[in-house]
Structure formats: structure tokens, C-alpha cells
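Trainee: Got a structure for you, written out below as C-alpha cells; questions coming shortly.
Throughout, read-outs are computed from the coordinates displayed, never taken from laboratory work. Predicted model, so just to flag it, every value in this text is computed and none were measured. Heads up, the Cβs are rebuilt from the backbone with ideal geometry, glycines too, and the neighbour counts pull from every protein chain shown.
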Amino acid sequence: MNSERTEKKSSIAEQEKTGGNRRVGRKAGEPAFDMERRAVYRLAFEGVSLAQTLETIIADVEKRFPWRVAVWLFNEMQQSFTLKVAPGMSKSYCSAPRGALGNYGCARHALQTSATPLFLENIAEAAECAHCPQRIKMQALQRGAGFSALWSAPLANTQGESLGVMNFYARMPTQPNAEMQASFQRFALEAGRAVAFWEQEQQLRRALTVLSIANDGVIVTDVDARIVFVNKAWCERSGYSQEEAIGQRPSLVKSNLQGQAFYQEMWSILRENDEWQGEIVNRNKSGEALPQFLRVRGVRDKGVLTHYVGVITDLTRLKQSEREAEQLAHYDSLTRLPNRLLAISRLNFALEEAERNGSRLGVICINLDRFKNINNSLGYPTGDQVLQRIARRIKERVRGKDTLARLGGDEFMLIQEHVRHPDEVARMAQLMLELMRQPIRLEAENEVYTSASLGVSVYPEDGKTASELIQHADTAMYHAKKQGRDTFCFYTAELSLQMRQRMHLETQMRRALENGEFKLFYQPQADIVNGKINGVESLMRWKSPEFGSIAPGEFIPVAEQSGLIFNLGAWAMNEACAQARRWLDEGLPPLVMAVNVSVYQFRSKNLLSVVEEALKQSGLPAHYLEIELTESAFFEDAEEAITITHKLHDLGVKLALDDFGTGYSSLAYLSRFTLDKIKIDQGFVRDITSNTTNAAIASATIALAKSLNISSLAEGVENEHQLDFLRQRGCASVQGFLFSHPLDAEACTTFLREGKHLPVIPTLI
């Protein structure tokens with residue numbers, strides 16, 4: 001702040017005269033004061049500090065008038081004034097403690113008014129200083145500085161808020177004349193504007209510093225929409241540097257994906273309201289589309305629009321999340337095909353179009369045959385690969401306007417639009433069957449063979465709504481499975497009637513189980529040599545109040561398909577074991593209780609716990625219980641079946657293979673099962689004395705059982721000829737109408753008490 005530094009600075013007036021680097025040319029008719037104001041603003045814009053700017057103004061004053069000048073600025077936080085610059089004042093004045101002068105009379109006056117100057121012709125005698133707590137110090141300081149008179153002008157911003165004071169000091173007690181006062185007033189006004197502008201500039205710099213590190217992109221343009229500032233985030237996302245962006249228009253990143261009308265409306269709203277916000281799609285330097293949310297506001301100074309500030313939020317991740325949510329909500333995560341929800345939506349849309357155009361539409365429900373075998377034998381990851389390959393294979397062969405969807409598990413659906421004749425749907429169904437039959441090569445170089453059962457419904461013949469068409473196609477698909485799988489069936493009204501009857505039967509079964517309508521009947525089994533009863537087979541019966549007596553062949557398949565077989569099977573196991581225990585407790589001869597187990601129960605893997613619980617609750621010794629399984633229980637996963645049979649045998653339970661020879665028997669597997677008995681199906685026994693093929697099969701089965709040290713039992717023995725044939729071949733046991741019909745618990749108890757025997761007759765053949 002020394003005079004040497006001041007001398008190096010040219011005054012504003014000199015700059016105007018010399019036309020130096022900082023010259024600002026005066027416009028025609030422009031007052032010198034306005035010209036000087038622009039010069040001060042220019043200094044601030046050029047980055048000159050506030051102290052340097054104020055020293056430039058003071059240099060002009062001290063060069064024109066024999067007064068010395070100091071600028072004091074108000075510290076709002078400390079509620080006091082501190083010295084900012086005093087280039088012409090003595091060292092003692094400048095080095096005085098800055099806070100010591102804060103409560104001086106002129107400072108208090110400035111706090112009270114920001115418009116009225118203070119004139120002190122003689123500071124020592126001024127009434128304004130009489131009550132100043134710093135008066136003694138000030139008088140000593142003024143003597144040391146060598147001044148007596150003071151003219152103090154407040155510095156204020158455009159809102160009239162006090163910024164400080166500009167003090168003019170004279171060595172002798174004096175009053176400035178009118179011209180000097182006007183000049184002092186003008187310089188004070190100019191200094192106030194410089195301080196206010198500097199404070200605004202500081203606020204702007206702080207704001208820009210914050211904006212420069214903001215996560216959102218920030219762009220500032222002038223009123224002509226020329227970019228004057230962009231932050232780092234904007235540069236990173238757009239790919240343009242600040243040097244490339246500044247001076248350009250925001251259309252630098254315009255994508256044109258939203259049309260000219262969009263931008264015209266945006267600017268219309270912005271000009272009317274000084275604000276606009278909404279989603280916009282821009283492009284980065286490499287041409288990549290950028291979904292963004294833009295908020296633009298106009299910036300005004302005293303009501304005059306000066307800038308536009310835009311804050312840009314990147315929506316790329318949000319849009320990606322929305323797409324992922326859409327994918328999860330409407331697409332299958334494994335195959336990327338539409339899921340059930342989206343398929344139904346598209347089917348409804350297709351139905352509306354078909355109704356307008358008068359065209360047909362086909363719905364094909366697809367269900368893989370025995371897909372569970374793949375999961376159980378090769379594992380679920382392999383099963384997933386198979387589903388993915390099947391989906392891709394079919395997708396490549398269907399038309400682009402058709403929809404292939406995965407409904408869940410191994411179920412798919414194809415919506416075939418613009419069908420002229422049902423034959424087109426039939427050809428598509430046949431094509432899909434052929435695609436299914438082709439081997440699937442997996443990553444491990446393994447080949448898997450599959451097939452499928454398909455059901456077809458056609459609009460408008462088979463239904464008018466999406467639910468009807470899907471339901472009817474599903475009904476036809478189940479009919480295709482009953483026909484042997486690997487085929488397709490069209491829907492018919494008869495199939496629908498059968499399905500409704502099955503559903504009604506299922507409902508009645510659930511109620512029957514709760515109401516105790518199911519009963520167990522028992523058919524005695526006898527030793528073929530001595531004729532004594534050695535066991536009974538428990539057989540389930542149902543007498544419905546609505547339907548009357550229903551054969552097991554009708555309700556057991558429904559129970560299996562609906563899942564009721566698990567509760568029904570557990571009930572039968574508990575009831576049979578309890579009855580066998582009661583007979584033992586009544587002193588009847590010991591016998592084996594045979595209980596049929598459905599293949600669905602066997603595959604559920606909870607058969608062991610069901611058997612253990614029934615034995616525990618009844619107290620029946622395990623060797624009196626015999627589990628009857630059919631060959632189908634071993635067909636899908638023989639290794640797992642072998643493991644389960646070993647565990648059952650370890651419990652002490654006997655195992656019997658029912659209906660031997662009617663399925664897909666494998667002698668290799670049979671040798672590995674821990675079986676106690678083979679039951680010859682009644683289909684072979686019925687005409688055993690007249691059909692040489694059946695006679696040969698029965699004889700071979702008996703011989704096989706003997707060789708494996710397994711007992712044999714023939715079902716359906718109804719006459720002496722059959723009995724004698726079996727006895728001669730060495731069959732161990734028999735059951736059938738020749739000996740006894742199935743009996744309820746009470747009748748069977750009487751039968752057992754009477755100790756009836758199998759008739760022993762002489763050889764007839």
C-alpha cells in the first residue's frame with residue numbers, strides 16, 4: 001500500500017488519455033463518469049483484485065486533490081469495520097490494530113445510514129466523536145498521521161446495504177467545496193460499486209467452483225444462447241472440452257431425435273416463464289444418444305435477462321434401470337422371451353386386430369415331455385441350457401410378427417397372427433414337434449433328445465378372449481399327453497367338457513378328504529401251497545354323496561395331477577398301518593399289509609418320512625408293511641429309485657413290484673433293486689390257460705423271481721384252472737375273486753377270524 005506502488009499505477013483518467021492496454025474508448029455523448037465506471041468493471045472482469053481496483057480509484061483522488069483516502073469495509077460477522085486500503089496514509093495509521101478503529105464515529109454513522117456523507121471539519125472538536133470509546137486513541141493516531149479534517153462517504157450496494165466507508169482526510173481543519181464534495185461523492189459511489197461487484201464476483205466464483213465439481217452437468221449461456229461456462233461433469237458426459245464448448249451454442253450436443261417442434265416449445269416456455277424442465281435426448285461427441293433431464297432458468301440483473309443456466313442430470317442409469325425393470329416385469333430372465341403377463345397383453349392386442357381385420361389367430365401351448373428327467377439326471381444348469389436352446393431354436397423359425405413366450409418351467413406358448421386357415425397353425429405345430437425332436441448339443445459335448453406335447457386353439461372358433469383361447473389350448477395339450485406325447489391336438493368341445501368334469505371332481509375330492517368319504521378295502525392274499533392267508537392288499541374306495549361310487553381308475557389320476565395324491569397317500573398309509581396293528585392286537589394271525597404307493601409319492605422324496613411316521617403312530621413292526629411300487633417309479637430316474645428302495649428296505653419294510661411286465665421292465669435294474677416280491681399283472685393271468693404268450697410271460701416271471709430269490713404273487717385269479725396253472729409253475733401266492741373280493745375293515749376282520757383257506761384242488765391240466 002506504499003506510495004511507490006501507487007505511482008506505478010496509472011489513474012483512470014490517464015488510461016483514458018494515453019489509450020494504453022486498459023483503455024476503454026468513450027462512446028459519443030458518454031459522461032466521463034460512465035466511462036470510468038466501465039473501466040473499473042473491466043478491471044474486475046480482468047481478474048484484478050479488489051485492493052488493486054480501490055487503489056486505482058484512490059490514486060485518481062489523491063492526484064487531483066490534496067486529500068488522503070482510506071477505505072474501510074464492514075465485517076458483518078464481527079459487526080465492525082476494518083481497514084482495506086490506505087495507500088497515501090502514514091505507516092503508523094496503516095499499522096494500527098485494524099479492530100481498534102471499528103467503533104469510530106464515522107463507522108457508526110455508516111451503519112446508521114448508507115446514503116448520507118459525514119463532514120467533520122475538525123475531528124478533535126467534533127460532537128460525533130465526543131462519545132467515541134476510541135476517541136483518545138484516535139486523536140493520538142490523527143496527530144501522528146498529520147490530518148485534522150474528515151469527509152466520510154458511505155459505500156453501499158444496489159440494495160442500500162452498508163458495505164463500508166470511504167474516508168477523505170485533510171491536514172488542516174477545512175470543509176470541501178461543492179465541486180470537491182461532488183467528486184468525493186462520485187469516487188465513493190464508484191468504490192462502492194467496485195466493492196459490490198467484487199462481492200458478487202466472489203459469490204459467482206464460489207458458485208462456479210461448486211458447480212464445477214457438481215455431479216450434474218452445468219452449462220451457462222449468455223442471452224444470445226452462446227456458451228460461456230460448462231463444468232467438468234458436462235465435459236465428461238458430452239466428450240467436449242471447455243475450450244471446444246465455450247462460444248458455441250447448446251445445439252452442439254443436439255440429437256434431433258425429438259423434432260424441431262419440441263425445441264420450439266421449449267424455448268417458447270423458457271422465454272415466457274424464465275424456466276423450463278423436462279427430459280431431453282442429446283448426443284455426445286462420438287454420436288451416442290444421452291437421455292437427460294434438463295432444468296433451465298433465466299438469470300436477470302435488475303429485471304434484465306443476462307444469462308441462462310442449465311443443470312443436466314444424466315438419465316442413462318435410470319433409463320437402464322427402467323429397461324431392466326421392464327425386462328424383469330415382462331420378460332423371462334432365462335430365455336429372454338416374453339413372460340405370461342406380456343404374452344397375454346400381446347394376445348389381447350392381436351385379438352383386437354384380428355376382430356377388425358376379420359382374420360384368424362392361433363394359440364399353441366407347448367409342454368416338454370418328461371423334462372424332469374433332464375433336471376434330475378443331468379442337473380438344473382443343464383436343464384436351463386436345454387430350455388435356452390429350445391427357445392432360440394423355435395424363435396428362429398417363427399415369423400417376426402408372432403410371439404413366442406415362456407409361461408414358466410417347461411411350458412411355452414406361441415401366438416400366431418394373421419392366420420387364414422387352421423391348417424397354417426397345424427403346420428406350425430408340426431414344425432415345432434420336428435424342432436423338438438432334433439438333438440440338442442450342450443457345452444459339455446453331450447446330446448440331449450427331447451419331445452413335446454402341443455395343444456392348439458384357433459380364434460374365433462375356439463374362443464373369443466385370451467383366457468378362453470389359452471385355457472382351451474392347454475386342455476388340448478393335456479389331451480396330447482394322454483395320447484402318448486410327442487404329438488399335437490386341436491381343441492374340441494368334448495375336451496373342454498372332460499376338463500370341466502375333471503376340475504369338478506378335483507373339488508369334490510378335496511371335500512371328500514376333509515369329510516372322511518374315502519375308505520380302505522382289503523383283499524386277502526394266500527399262500528398257494530398251504531392255502532393260508534399271508535397278507536392283504538389295501539385298496540382305496542370313494543363313495544361320493546354326489547357321484548356315488550367312483551372307481552380308483554377315475555379319481556387316482558385326478559389326485560396325481562392335482563397334487564392331492566400326497567395327502568391322500570399319507571392318509572392311506574396311516575390307516576392301513578393302524579388297521580394291521582389292530583388285527584395284531586386282536587390276536588389274529590400275523591399278516592403283511594400291502595400299501596400301493598403312487599409314482600408321484602415316490603418321486604416326492606418324502607416317502608421315507610411318511611412311512612416312518614405311519615409306523616411310529618401305529619406301532620406296527622416294519623416287517624409287516626409291504627410297499628407296492630409300479631415299474632414307472634423306476635423309469636425316469638432309476639439310480640434315485642434304487643437309493644430310495646434301499647432306504648426303505650433298511651427300515652425293515654418289504655417291497656413289491658406291482659404290475660410287472662406291463663411297463664418298460666429292465667432286468668439289469670431289477671437285479672439291483674432290493675425287492676421282496678414280484679406281482680404278476682392280472683392282464684397276464686386272465687387268459688393264462690388259453691393264450692400261450694401270456695402263459696409264457698407268467699411262467700418266465702415266476703422263474704425269474706425264483707432265480708433272484710424273490711417271492712411271486714399273481715393277481716386276478718378267478719378260477720381253478722388259473723390257480724392250478726400257477727401252482728404247477730411254482731408261484732408263491734395269489735389273490736383274486738376265487739378266494740375273496742376286496743372287503744371293508746369289518747368284513748375282512750370276520751373273514752380273517754374264520755380262518756378261511758385257499759381251496760386246494762387236484763391238478764386239472
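Trainee: Sort 515-522, 220-227 for me by packing, meaning the mean count of neighbouring Cβ atoms within 10 Å per residue, highest on top. Numbers along the way, then the final one.
Mentor: Details: 515-522: 16.2, 220-227: 14.8.
My ranking of the peptides, most packed first, is 515-522, 220-227.
Trainee: Classify region 310-404: rounded, prolate or oblate, from the alpha-carbon gyration tensor (a ≥ b ≥ c, eigenvalue square roots; a/c under 1.5 rounded; otherwise prolate if a/b is larger than b/c)?
Mentor: On the way: a/c = 2.85, a/b = 1.15, b/c = 2.49.
Cα axes put region 310-404 in the oblate bin.
Trainee: Would you please give the FRET efficiency between Glu236 and Glu279, computed as 1/(1 + (r/R0)^6) with r the Cβ-Cβ distance and R0 = 22 Å, to the nearest 0.05? Walk me through the numbers before you get to the answer.
Mentor: Details: r = 20 Å, r/R0 = 0.92.
Given R0 = 22 Å and the Cβ-Cβ separation, E is 0.60.
Trainee: So, in Å, what gap is there between the alpha-carbon centers of region 510-572 and region 391-442?
Mentor: So the two Cα centres are separated by 42 Å.
Trainee: As an exercise, take the mean of 1/r over every pair of distinct alpha carbons in region 251-397, invert it, and state the Kirkwood radius in angstroms.
Mentor: On the way: mean 1/r = 0.0484 Å⁻¹.
With all distinct Cα pairs of region 251-397 included, I get 20.7 Å.
Trainee: Also, I was wondering about something else. Per the Kirkwood treatment, what hydrodynamic radius in Å, one decimal, follows for region 331-491 from the mean inverse distance over all distinct Cα pairs?
Mentor: The answer is 15.8 Å.
Trainee: Using unit Cβ charges (K, R positive; D, E negative) and no other charged atoms, how large, in debye to the nearest 20, is the dipole of region 565-754 about its Cα centre? Walk me through the numbers on the way to the answer.
Mentor: On the way: 15 positive and 25 negative charges, 87 e Å.
Rounded to the nearest 20 debye, it is 420 debye.
Trainee: Just give me a number: lysine pairs in region 331-491, eight or more positions apart or cross-chain, with C-alpha atoms less than 28 Å apart.
Mentor: Counting lysine pairs in region 331-491 gives 9.
Trainee: Of all the C-alpha pairs in region 565-754, what % are more than 25 Å from each other? Can you show the working numbers first?
Mentor: Working: 6893 of 17955 pairs.
Across region 565-754, Cα pairs with separations above 25 Å total 38 percent.
Trainee: Near Met573, within a Cβ-to-Cβ distance under 11 Å, what is the net charge of the other residues, with Lys and Arg +1 and Asp and Glu -1?
Mentor: On the way: positive: none; negative: Glu575, Glu612, Glu613.
Here the charged neighbours net out to -3.
Trainee: Sticking with this one: I'd like to know which of Pro742, Trp571, Asn709 lies farthest towards the positive end of the charge dipole of region 565-754, counting +1 on Cβ of Lys and Arg and -1 on Cβ of Asp and Glu.
Mentor: Going by the charge dipole, the pick is Asn709.
Trainee: Can you give the charge dipole size of region 322-460 about its Cα centre, rounded to the nearest 20 debye, using +1 on the beta carbon of Lys and Arg and -1 on the beta carbon of Asp and Glu? Please list the in-between numbers first.
Mentor: On the way: 20 positive and 20 negative charges, 52 e Å.
Its charge dipole is roughly 240 debye.
Trainee: Any idea what the dipole of region 231-364 comes to, in debye rounded to 20, about its Cα centre with Lys/Arg Cβ at +1 and Asp/Glu Cβ at -1? Can you show the working numbers first?
Mentor: On the way: 19 positive and 18 negative charges, 29 e Å.
Dipole of region 231-364, to the nearest 20 debye: 140 debye.
Trainee: Ignoring solvent entirely, what values of log10 I(q)/I(0) come out of the Debye formula for region 368-414 at 0.23 Å⁻¹ when each Cα is a single scatterer?
Mentor: Per q value, in the given order, log10 I(q)/I(0) is -0.82.
Trainee: Measuring from the lowest to the highest alpha carbon on each principal axis, how far does region 215-319 reach, largest first, in angstroms?
Mentor: 39, 30, 23
Trainee: Can you find, among Gly217, Leu318, Ser238, the residue farthest towards the positive end of the dipole of region 215-319? Put +1 on the C-beta of Lys and Arg, -1 on that of Asp and Glu.
Mentor: Checked the options; the winner is Leu318.
Trainee: Determine, for each peptide in 250-263, 700-713, the mean count of other beta carbons within 10 angstrom over its residues, then list the peptides with the highest first.
Mentor: Values: 250-263: 13.6, 700-713: 17.5.
Answer by packing, highest mean first, reads 700-713, 250-263.
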